[in-house]
C-alpha cells in the first residue's frame, strides 16, 4: 500500500504497453550525458528545489583520529581496490511503450528518462529497479579490473546493490576465466561508477598506522555515491571522517609527504549554496538540495591545507577541454615522491588551449620543492592517444566532446598498473592496434618493473574518464614507509668518488635492518648494509671501483634499490617493483675527465633522523565531523554452498592465535595455504579429518598484516581473510 500511495501520480500514467530495453548505443549516449563523470553544474539546471539551510558543525566531534597523520601516495602498498559492476537502472512501474531508463537520486527514487527524438529526456521521477549488466561491452571493463586487482595481490571490494548480485559477479568472473578468489562485497545503493571521485581519501594515523578515511562531499545530485565511504565504514570497519568541502578524488594528487596538488575546478564547485540531495524517506516531493554556505577560494585552500596538504597546497589552472572535470588525474601522475609522469600533447596540438595550460602546469609542478628540498622532476612522459584509425584529433572540441582519451588515467595496485588502452587487447595482453601497442612500450619505460594490465576502454569515450576514475585504493595494513632521495641521470661530477645514499624508513614495530642492492652494467648484485640513526638509514655506494673494472665502457649504468625489514617480520622494497626489474638508475660517461667538483644536488649527505613533523601532521579538525551512522549487519563474504561449512576466523584481528570452525562432514583432505597481501606463500600444510573441527593458526609466527588463508581440495577452494596485529 505504501508504494501505491507514494507514487500514485506516476502509476496513473501507466498504460498496458510495456517498455522496450534500450540498445547499447542508447545506453552509450545515456552514460555520456546523464551518467557522465562531470555533473558539477547539473544542480543549477535541475527542477529539484534548494531546501533548508544546513549549518556547519560548531566544532569537531571528540573522537578524531589519534596522533599524527600521513596520506600515502597512490604508488604505495594497498590491501584493496573498490570498484562496482555496471548497473542499468529502469523505472519500477509501467510507464508505457518506448525506451526508458532511470538515474537514482536517493534510496528508492530515481529521475526517469525516455528516449525520444534521438536523445534522452527527463520524464518525472519514481521508484526504480537495478539490474547488473554482465553482457555489454561496457560492463566487461569492471570485471577485467576485478581480475587485475587480484593479480596485484589486493582484494577487489565490489559494491553491489543487493547481496544476491554477488553470485552474478562471481559467475561472470568464472565464465570470463578471470580471478575470483579474492573478492569481497559491499552492499548498498549507488548512482554510478565514478568511485575515484566519490570514494574516500584514506590516510594513516597514530603510532600503529591505523587506516581511516577522509570523506569529501561529492557532486550535488549523487547522494548515493556520496555515501560510499559510509558503506565502507559500516561494512568494512574503517573509520570515516566527513568534511563539508566539495571535492573529487580525481582532482587530488599527493606526494605521500604532506604536499597536495589540485586544479582550480575545486573553487567553482564550492562557490554556490547547493549541498547534497536529501529527503524525508516518505514523500518524493520533499527531495531537495540542502543549502550550504559558499566557500571562498581562500577557505578552500585553507581547508585542503589543514586536512591533507600541510607542507604545501598547490592549485593549478584546470584543463578546459578534458570532458568537463578539470581533474589533474587526466594528465599527471607520480610513481614516487621525487617527481611526476606526464601525459604530453604532441606539438601539432600546440594551438589548443589545454596544450598551453598543460605546458605551464608541468613547468609549475617541476618548480615546486619535494620533501628533500629539491625540485620535482619529470620521471617520464606518456604519449597522447589517437583515434581508432590511428589518426590525430581534428580539433580540441572533437577531442573534448567525443573522446577524452589519456594514458595517465590508470591505477596502481602494488606491482601492477591497471592501464587504459584504445584497441582490442590481444591474447598476449597487449593492444592490437599498432599505434596503441607502440605507445604501450613508452608506458612500460616510464614505469619500470610494473606489470601492465591493459583494458580496452573505448566504451568510456565521451564520459570524461576511464580506469583511474572508477577505482579507489584502500592502503595496506602495517605499512613500511620508505622516503628516498633517489640518484638519477648522468652524475659525472662523482666520477672516481663513492656516492652517498640514504632513506627515511618507518614501521610501527620499528625497522630491523635495511640495505641497498646495487650492480654495474647489469652484472652481479652487491649488498650495502645501511646504518641507522633513528628513522634515517644511510651508507656509501662504492662506485669509485667502476673506474678500473668498467673502463672499456663509454657509459656505465648503476642500478640499485632499497630493501627494508620491520621488527614484525615484513619486508618491502623501494621501488616496490624491484623484484620485477624496477630499479633506480644513474649513469657515468667514461669518456669525460674525472671532475673534482661534486654536484651535491643529486645526493643526500644527511645522516641525521628526519623530524616527523616534516612528513606527518595534525588534521585540521575544525573541518571534520565523525561518521557515526550505525554499522549494518550484512554478509560480505563470497556466497557458495561449501562456504557454509567454514566459519570465519576468530579473534580477527588476532594477536596470539586465530581459530576457525570447519565441518569436514565425512572427511575431506584440504591443502591450507597462508598467503600475504603481496601474494607470497608464507606457509602450507595439509588438513585431513572428518566432522566438526576447530582449526588453529599460531599467529605469533606471522608478521602483522593481512593474509588470505586458502583451503583447497580437488573440487573446492575456500578463502578466509585473517588480520594479524
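Throughout, read-outs are computed from the coordinates displayed, never taken from laboratory work. Treat the numbers as computed from the prediction; the structure is a model and nothing was measured. Heads up, the Cβs are rebuilt from the backbone with ideal geometry, glycines too, and the neighbour counts pull from every protein chain shown.
Here are the numbers for this structure:
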item	result
For the stretch 70-157, convex hull of alpha carbons as volume per residue, Å³	157 Å³
Over the chain, relative contact order from alpha-carbon pairs under 8 Å, at least 6 apart, %	14 percent
Within the chain, helix-based [θ] at 222 nm, where runs of 4 or more DSSP H residues each add -39,500 (n - 2.57), nearest 500	-4500 deg cm²/dmol
Cα centroid of the stretch 507-581 to Cα centroid of the stretch 415-493, whole Å	25 Å
The stretch 64-213 - Rg over Rh from alpha carbon coordinates, Kirkwood radius	1.06
Inter-probe distance in nm under a simple model that places probes 7 Å from Cα toward Cβ, at residue 176 and residue 381	3.5 nm
Degrees between helix 434-446 axis and first principal axis of the chain (Cα, 0 to 90, nearest 10)	50 degrees
Cα pair distances exceeding 15 angstrom across the stretch 643-724, given as percent	54 percent
Rg(Cα)/(2.2 N^0.38 Å) for the stretch 189-314, N = residue count	1.10
Hull volume in cubic angstrom per residue (convex hull over the Cα atoms of the stretch 403-450)	82 Å³
Nearest-ten-degree value, helix 297-307 long axis tilted from longest Cα axis of the chain	60 degrees
Relative packing of 616-627, 352-363, which averages over residues the other C-beta atoms within 10 Å, highest first	616-627, 352-363
Fewest-first ranking of 201, 549, using other Cβ atoms within 10 Å as the exposure measure	549, 201
Efficiency of FRET between residue 280 and residue 207 - r from beta-carbon atoms, R0 35 angstrom, step 0.05	0.20
Relative packing of peptides 534-546, 327-339 - highest average C-beta neighbours within 10 Å first	327-339, 534-546
Percent of Cα pairs exceeding the 11 Å cut-off, where the set is the stretch 98-148	72 percent
Percent antiparallel among DSSP beta bridges (both partners in the stretch 241-329, rounded to 5)	50 percent
With Cα atoms, 0 to 90° folded angle of helix 137-151 axis to the chain main axis	40 degrees
For the stretch 316-429, radius of gyration divided by Kirkwood radius, i.e. Rg to Rh on alpha-carbons	0.98
Expected-Rg normalisation [2.2 N^0.38 Å, Cα atoms] applied to the chain	0.99
Relative contact order [Cα under 8 Å, 6+ residues apart], the stretch 643-724, whole percent	33 percent
Calculated FRET efficiency for the pair residue 585/residue 122, C-beta based, R₀ 56 Å, to 0.05	0.50
Rg to Rh, two decimals, where the stretch 496-548 supplies the alpha carbon set and Rh follows Kirkwood	1.05
Reciprocal mean inverse distance between Cα atoms of the stretch 481-611 - Kirkwood radius, Å	15.3 Å
The stretch 426-550 - share of DSSP beta bridges that are antiparallel (%, nearest 5)	100 percent
Calculated FRET efficiency for the pair residue 524/residue 45, C-beta based, R₀ 45 Å, to 0.05	0.10
Two-decimal log10 I(q)/I(0) for the stretch 366-507, as the Debye equation yields it once each C-alpha is a single scatterer, q = 0.21 Å⁻¹	-1.32
Sorted by Cβ density within 10 Å, fewest first, the residues 395, 563, 262	395, 563, 262
Of every Cα-Cα pair in the stretch 518-567, the percent that sits beyond 16 Å	47 percent
Residue order, fewest to most beta carbons within 10 Å, for 45, 559, 24	45, 24, 559
DSSP-defined beta bridges in the chain - what % are antiparallel, rounded to 5	75 percent
